[in-house]
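Take a look at the structure below.
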Amino acid sequence: MKITLALPPEFVSLCAGHNVKPETVLRGFIADVCGIMNWASDPREDGYSSNGSDERDMAYAYYERCGYPWMHGRIEEKEHAIRPNRAARRRDL
């Protein structure tokens, strides 16, 4: 799926201030929130790659904090399919 998204100037300025392309930031966040790994032995053609385990946890915590998993159904079913390790840790607490 491809989308076209107009970026607000504040985001563009933030990225420019750190000399990073907006698409790099967005690709990194998407990869982190989805847990996308780009292994050297099996590289992805689309360029998506997580920035690390802490980044994956923080991106998903942000996603969860915004309430996205709860917007259209029960989180337990969806979270288990998307983040089984996180769901298992929550049950163990």
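Conditions tested, residue by residue: (1) in a loop (DSSP other than H, G, I, E, B); (2) modelled with pLDDT under 95.
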residue: 6; (1), (2): yes, no
residue: 11; (1), (2): no, no
residue: 20; (1), (2): yes, no
residue: 26; (1), (2): no, no
residue: 30; (1), (2): no, no
residue: 33; (1), (2): no, no
residue: 47; (1), (2): yes, yes
residue: 54; (1), (2): no, no
*Filter the range 1-41 down to the residues that are within 16 Å of residue 53 (Cβ to Cβ) and hydrophobic (A, V, I, L, M, F, W, C), then identify the one that is surrounded by the fewest Cβ atoms within 10 Å (Cβ to Cβ).*
39
_Can you list residue pairs whose Cβ atoms sit under 6 Å apart, with the first residue in the range 36-59 being at positive phi and the second being aliphatic (A, V, I, L, M)? Count only pairs 6 or more apart in sequence or on different chains._
none
*asked:* For the range 74-91, check the following and say yes or no: at least one residue is modelled with pLDDT of 75 or more and more than 10 Å from residue 33 (Cβ to Cβ).
replied: no
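The values are calculated or read from the model by the stated rules, or taken from the named source; none is laboratory data. These numbers come from a predicted model, not from an experiment. Reconstructed Cβ throughout: ideal geometry from the backbone, glycine too, with neighbour counts over all protein chains shown.
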